[in-house]
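A.B. asks: Sharing a structure, written as structure tokens. Questions coming.
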Amino acid sequence: MAILLPEQIFSLAPSVGKSFYEHQAGVDASVTISNFSDEPISLVITRVGAPALTYVIEAHDRRVFSIELLQMAALLTGSSAAYGTIVVATTE
């Protein structure tokens, strides 16, 4: 069964990181990021038994990621602020 979590709007100051989803045991999930800002933002993914992965979402871009055993999805800004939306859908 799929569970679509509510869309979260983010507005992060420069050099800030914030977790938007955490699951201790890990769960298969889809993460959608829409970056509406003029600067890129980094999506940091941690998975069960795997090293952390970082993806850069360019300015005015939308990306969808399918992740097995997702433990945490966080966003990090660089030297500029960023804003947009993040949506997580899980399967359990």
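The values are calculated or read from the model by the stated rules, or taken from the named source; none is laboratory data. Please read these numbers as outputs of a predicted model, since none were measured by experiment. All Cβ positions, glycine included, derive from the backbone under ideal geometry; neighbour counts span all protein chains shown. Note: areas computed on protein heavy atoms with side chains; ligands, DNA, RNA excluded. Shrake-Rupley method; radii C 1.70, N 1.55, O 1.52, S 1.80 Å.
A.B. asks: Output the residues belonging to segment 35-53 that are within 11 Å of the chain's Cα centre (by Cα) and closer than 19 Å to Ala13 by Cβ.
C.D. replies: The answer is Asn35, Ile41, Ser42, Leu43, Val44.
A.B. asks: Filter segment 1-15 down to the residues that are assigned to a loop (DSSP other than H, G, I, E, B), under 20 Å from Gln71 (Cα atoms) and of a type in the set (A, V, I, L, M) and list them by number.
C.D. replies: Answer for segment 1-15, where residues must be assigned to a loop (DSSP other than H, G, I, E, B), under 20 Å from Gln71 (Cα atoms) and of a type in the set (A, V, I, L, M): Met1, Leu5.
A.B. asks: Residues of segment 44-66 being open to solvent by 60 Å² or more (accessible area, probe 1.4 Å), aliphatic (A, V, I, L, M) and closer than 18 Å to Glu7 by Cα, which ones?
C.D. replies: Val64
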